[in-house]
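Worksheet for the structure shown next.
The values are calculated or read from the model by the stated rules, or taken from the named source; none is laboratory data. In this text the structure is predicted, and so the values were computed from the model without any measurement. Virtual Cβ from ideal backbone geometry, glycine too; neighbours counted across all protein chains shown.
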Amino acid sequence: MGRYVFKLPDVGEGTAEAEIVAWHVKVGEQISEDQHLVDVMTDKATVEMTSPVTGTVVSLHGTPGEMAIVGAPLVELDVEGAGNAPTASAAASSPHPSLLPQGGGGSEGAAKPATPPEKSTNKQESSLSTPGGEGWGEVAAVSRPMQAPAFTTRTPGTKPLASPAVRRRAEELGIQLQFVPGSGPAGRIEHGDVDNYISSGGQTSVARGGGYVQREGVEEIKVIGLRRKIAEKMQEAKRRIPHFAYVEEIDMTELEDLRAHLNATRKSDQPKLTLLPFLMRGLAQLLPAYPQINARFDDDAGVVHRYAAVHIGIATQTANGLIVPVVRHAEALDVWQAAAEVSRIAQLTRDGKAAREDLSGSTITITSLGALGGVVTTPVINHPEVAIIGPNAIVQRPVVRDGQIVVRKVMNLSSSFDHRVVDGYDAAEFIQKLKALLEHPATLFME
Amino acid sequence: MTEHITTKVLVIGGGPGGYVAAIRAGQLGLDTTLVEGDRLGGTCLIRGCIPSKAMIHVAGEFETMHRAHGAARHGISLSAPPALDMPELVRWKEGIVNKLSNGVAALCKRAKVRVLSGQAHFSDAKTCTVEGEDNATITAEHVILANGSVSTELPFLPFGGPVISSSEALSLDALPKKLVVIGAGYIGLELGIAFRKLGSEVTVVEALDRIMPLFDAELSLPVKKWLERNGVILHLGAKAKGLVQESNRHALAIETMDGKTENLPADKILVTVGRKPCTAGWGLEHMGVDMDGRFVRVDDQCRTSMKNVWAIGDLVGEPLLAHKAMAQGEMVTEIIAGRKRRFDPVAIAAVCFTEPEIVTAGLAPGDKALEGIDVMSAMFPFAANGRALSMGAGGEGGFVRILARRDDHRILGIQAVGAHVSELAGEFALALEMGAVLEDVAGTIHVHPTLGEAFHETALRTLGHALHI
């Protein structure tokens, strides 16, 4: 029997640490070679770590949400043969040597950042523990000071959970227990819950026949994984970049006519066109004249990198949150190719299969909430880029043209710029030229 | 000259449902009259739960002594086999019944309940005549029907002669040498096992393909094994066809599972194929109450469709259990007294005094109510429980089992099979009524050495960290 220490390998260029997302093994578990051990997330991607050896898990280092340093022990295993470490592992006795406090220290700057002290006293051993110890016991202990979720496991038609004494008291008071939030384990309704219900006026709302019940309870969600990446990125963008927003109204009637025509006559192998490929074409055509807008600002170094290529980030909503895949070299794509490329990378992203190069290197970003409606947005720049374009909904509106009121398809185009390196005048001029291109769609295709 | 009585509450039937209702009504100061045609106590006390348990107890002692004859057990041996005096056994049992029946009478008297002995017959919902030892006409503001149930008779095998119900089985003057039991439900098996222990050759005929069809197979397996080990012949999937008179004795003709006809010689044929509510012969049809199949229809306050007529116990449906009737009787009188009550138990536990005993409370594997629920379950064997071993009860395959929701660990059902587990029924029911989660049971220190420790260990095992296995 030997001890094998699995250390966090170098998971990508220049990565010094990775966030533990989810454990897939438990202490004591027999695992085989190549078995999925843990998911870690770097700036770039989530990586599945597999075991290089067969053995028994002795200890796991770190809980989901914690950062692990490259080269630090992640998993210790008992293996046949010599292993790669002395059996009396130093790592086993000193807890989590590899873990960094999150968020730059602050109030949680201790060695085990993710575990507030009161938790450990209540922590219960439980077979239910999902990877990372999110077992029932722990959750209950955390949420005990607040109202426990009251209706979590009660499905319609099932009885509310309460002791006979509580049930009898409720019956005598004329309270229907299905409206009383329970604070006990499994949502059990205690005497105190009935008191709270009465003092909060719940009784009268029932008496009045109102079907509305006030909800109690606070759910604690650990901001980890992709959500933390998003949070950090947004914070970074807003902290570093003095944004300014600019909104213009664009008459999309002609472009919409063209788009409808192209869609109606497209070949079977051609994708359906949305507005996006035309906007991308416009940007690709216009940006060479505004190199300060198609740029990435390395503000630490004080250098703006202006790009000849136009790599357009496409803000994409996925089940897990916002991800920005990139259409590379949009200047070299016609509208059909651009449409196909957008749909390809969006699908990859939603399926969680986007490669690292699909998700990095954009020089400008488009964020479209058009389909949802909305008059104006003030989009957050995808740092270290310096500009972001946000088309809003196209609506039919009465417009004065040549002294006549006519119905036109009108769209607002919102945008934000990094005022440090983009002057307001230039940005406004850029948007005005983009407006001209979109209002006269033929010019989109004339360079 | 019959007396005319006007009463606030009239209770019909002096069984567990009726006498509890009457006592509670008296306690609450209601003018109460109870009518009973037999002794007070009902089926449970006179010819059911209590006398059968007395008999089962004696049978167990007899068996223990019998086993000590010839082969020494636990260091005890008897030089002669024990002798059974059946009439004396019945007398002893009657003594217990009398004591309890008189106790009920005393409780009624103390609660100032007027008890009439006689058969009530209703002419309308609130009026009845009583005929018997006492004769009266009664008009009541509230009527609580607690008429109970009787053993179901097989039409081709009417009670009489060698064909007996559980009532007669408890008062036999001689031990039947050969006993055939029809119906392998809990009553048939409780009595069949007792008679086997007393020395009868017992054959059990069951129409379904397994014993105790109301319990899951896992739970009834130790009982099945006991029957097999002790030479009780089981005919599963077999139909009783009728009584056959052989040269000098009776026999029961059956059709076995594979269609063959067989005659089972029998001194007595005990028919335990179920019980039916007593709904005929006392004027129920004049009371204007709706029926629900064979039973009287009631709501969750035991109200019938007729105002101020209430019905409880076996009369209103499954489960036909004394403790359910008592709870309903208590509730109904409290409602009559103006309190707000509803019959909404989480669980009505049930026990079988078979060998070994069975308890079930709440949901069991296979219950429809479990559909769609992610359930976690574990069992703990009594073979690993010190108290069970110290009673020589570790080797019969007994266990405690818990079913709980996986998401919040709330306990949904608890079952046990093993010696003396009937005494665990109360704790099981309490856990369910209190809405216990596995951690509640796991966090309760259970006394060592007791059978209850097995319940604690089962909760631990369901949580994945049992200590003694």
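Sort out which residues of segment A:270-315 are more than 16 Å from residue A:384 (Cβ to Cβ) and of a type in the set (D, E, K, R), and write them in order of number.
A:272, A:281
Of all residues in segment B:344-386, which are of a type in the set (S, T, N, Q), within 14 Å of chain A (Cβ to nearest Cβ) and crowded, with 22+ Cβ neighbours inside 10 Å?
Step one: list which residues in segment B:344-386 are of a type in the set (S, T, N, Q), which gives B:354, B:360, B:377, B:385.
If we keep only those that are within 14 Å of chain A (Cβ to nearest Cβ) too, we end up with B:377.
If the condition is that a residue be of a type in the set (S, T, N, Q), within 14 Å of chain A (Cβ to nearest Cβ) and crowded, with 22+ Cβ neighbours inside 10 Å, then no residue fits.
Out of all the residues in segment A:15-33, which are on the phi < 0 side of the Ramachandran plot and either among the aromatic types (Phe, Trp, Tyr) or part of a loop (DSSP other than H, G, I, E, B) (or both)? Quick ask: steps written out before the conclusion?
First pass over segment A:15-33, keeping only residues on the phi < 0 side of the Ramachandran plot: A:15-27, A:29-33.
Once the filter is applied, which keeps residues that are on the phi < 0 side of the Ramachandran plot and either among the aromatic types (Phe, Trp, Tyr) or part of a loop (DSSP other than H, G, I, E, B) (or both), segment A:15-33 yields A:15, A:16, A:23, A:24, A:25, A:26, A:27, A:29, A:32, A:33.
So residue B:433 clears everything in (1) within 11 Å of chain A (Cβ to nearest Cβ); (2) free of Cβ contacts under 8 Å to residues at least 40 places away in the same chain; (3) of a type in the set (Asp, Glu) except one condition, right? Which one?
(2)
Which residue pairs have Cβ atoms closer than 9 Å, lie 6 or more positions apart in sequence or on different chains, and pair a first residue in segment A:365-382 that is assigned to a strand (DSSP E or B) with a second residue that is among the polar types (S, T, N, Q)?
A:365/A:382
What are the residues in segment A:160-169 that are within 44 Å of the chain's Cα centre (by Cα) and either among the acidic types (Asp, Glu) or more than 7 Å from every other protein chain (Cβ to nearest Cβ) (or both), if any?
A:160, A:166
Could you figure out which of (1) without any contact (Cβ under 8 Å) to a residue 12 or more places away in the chain; (2) more than 22 Å from residue B:34 (Cβ to Cβ) isn't true of residue B:273?
For residue B:273, the failing item is (1).
Take residue B:175 and tell me if it is over 20 Å from residue B:60 (Cα atoms), not polar (S, T, N, Q) and not in a helix (DSSP H, G or I).
So residue B:175 fails the test.
Can you spot a residue in segment B:99-118 that is touching a strand residue (DSSP E or B) at 6+ places or on another chain (Cβ under 9 Å), under 17 Å from residue B:6 (Cα atoms) and polar (S, T, N, Q)?
There is at least one residue in segment B:99-118 that is touching a strand residue (DSSP E or B) at 6+ places or on another chain (Cβ under 9 Å), under 17 Å from residue B:6 (Cα atoms) and polar (S, T, N, Q).
Which of the residues belonging to segment B:320-343 are surrounded by fewer than 22 Cβ atoms within 10 Å (Cβ to Cβ), hydrophobic (A, V, I, L, M, F, W, C), over 19 Å from residue A:161 (Cβ atoms) and within 14 Å of another protein chain (Cβ to nearest Cβ)?
Within segment B:320-343, B:327, B:335, B:337 qualify.
So, in segment B:409-430, of the ones that are in contact with a helix residue (DSSP H, G or I) (Cβ under 7 Å, 6 or more places away or on another chain) and at the interface with another protein chain (Cβ under 10 Å from one of its Cβ atoms), which residue ends up surrounded by the fewest Cβ atoms within 10 Å (Cβ to Cβ)?
Across segment B:409-430, the extreme among qualifying residues is B:410.
Here are B:401, B:406: which of them is surrounded by fewer than 22 Cβ atoms within 10 Å (Cβ to Cβ) and either within 14 Å of another protein chain (Cβ to nearest Cβ) or among the basic types (Lys, Arg) (or both)?
B:406
For residue A:27, indicate whether it is touching a Phe, Trp or Tyr at 6+ places or on another chain (Cβ under 6 Å), at pLDDT 85 or above and of a type in the set (Val, Ile, Thr).
Considered against the rule, which asks whether it is touching a Phe, Trp or Tyr at 6+ places or on another chain (Cβ under 6 Å), at pLDDT 85 or above and of a type in the set (Val, Ile, Thr), residue A:27 comes out as no.
Search segment A:233-248 for residues that are in contact (Cβ under 8 Å) with a residue 12 or more places away in the chain and pair each with any residue that is surrounded by 15 or more Cβ atoms within 10 Å (Cβ to Cβ) and of a type in the set (Lys, Arg) when their beta-carbon atoms are under 6 Å apart and the residues are at least 6 apart or on different chains.
Every condition considered, the pairs that remain are A:248/A:435.
Among the residues of segment B:440-456 satisfying the criterion of being away from chain A (no Cβ under 14 Å) and in a helix (DSSP H, G or I), which is nearest to residue B:383 (Cα to Cα)?
That would be B:454.
Any chance you could count how many residues in segment B:297-319 are of a type in the set (Val, Ile, Thr) and either within 14 Å of chain A (Cβ to nearest Cβ) or touching a Ser or Thr at 6+ places or on another chain (Cβ under 6 Å) (or both)?
1
So how many residues does segment B:294-308 have that are surrounded by fewer than 23 Cβ atoms within 10 Å (Cβ to Cβ) and farther than 18 Å from residue B:151 by Cβ?
Number satisfying all stated conditions: 9.
Considering segment B:354-375 alone, what residues qualify as being over 14 Å from residue B:396 (Cα atoms) and touching a helix residue (DSSP H, G or I) at 6+ places or on another chain (Cβ under 6 Å)?
Looking only at segment B:354-375, we keep the residues that are over 14 Å from residue B:396 (Cα atoms), and these are B:359-375.
Passing the criteria: B:359, B:361, B:362, B:363.
Could you list, in sequence order, all residues of segment B:457-469 that are in a loop (DSSP other than H, G, I, E, B) and not β-branched (Val, Ile, Thr)?
B:463, B:464, B:465, B:466, B:467, B:468
Strands (runs of 3 or more DSSP E) wholly in segment B:188-261 with at least 1 residues that are aliphatic (A, V, I, L, M) and surrounded by fewer than 17 Cβ atoms within 10 Å (Cβ to Cβ) - which ones? Walk me through it before giving the result.
Working: elements: B:201-206, B:233-236, B:239-245, B:250-255.
Correct list: B:233-236, B:239-245, B:250-255.
Wholly within segment A:174-265, which helices (runs of 4 or more DSSP H) include no fewer than the required count, namely at least 2 residues that are within 14 Å of another protein chain (Cβ to nearest Cβ) and either at pLDDT 90 or above or more than 31 Å from the chain's Cα centre (by Cα) (or both)?
Values: elements: A:191-199, A:202-207, A:225-240, A:253-265.
The helices (runs of 4 or more DSSP H) meeting that bar are A:191-199.
For segment B:276-298, how many residues are assigned to a helix (DSSP H, G or I) and in contact (Cβ under 8 Å) with a residue 40 or more places away in the chain?
Initial filter on segment B:276-298 (assigned to a helix (DSSP H, G or I)): B:284-286.
Now drop any that are not in contact (Cβ under 8 Å) with a residue 40 or more places away in the chain, which leaves B:284, B:286.
The number of residues fulfilling the criteria is 2.
Return yes when residue B:143 is in contact with a Lys or Arg (Cβ under 7 Å, 6 or more places away or on another chain), in a strand (DSSP E or B) and surrounded by 20 or more Cβ atoms within 10 Å (Cβ to Cβ) and no when it is not.
yes
Take residue B:389 and decide whether it is part of a helix (DSSP H, G or I), more than 27 Å from the chain's Cα centre (by Cα), more than 12 Å from chain A (Cβ to nearest Cβ) and hydrophobic (A, V, I, L, M, F, W, C). Walk me through how you get there before you give the answer.
Details: part of a helix (DSSP H, G or I): yes; more than 27 Å from the chain's Cα centre (by Cα): yes; more than 12 Å from chain A (Cβ to nearest Cβ): yes; hydrophobic (A, V, I, L, M, F, W, C): yes.
Yes.
Could you tell me which of the residues A:421, A:399, A:407, A:375 is over 27 Å from residue A:260 (Cα atoms), aliphatic (A, V, I, L, M) and out of contact with any Gly (no Cβ under 9 Å at 6 or more places or on another chain)?
A:421
Scan segment B:82-123 for residues that are part of a loop (DSSP other than H, G, I, E, B) and either out of contact with any Gly (no Cβ under 8 Å at 6 or more places or on another chain) or loosely packed, with under 13 Cβ neighbours inside 10 Å (or both) and jot them down.
Listed by number, the residues that qualify are B:82, B:83, B:85.
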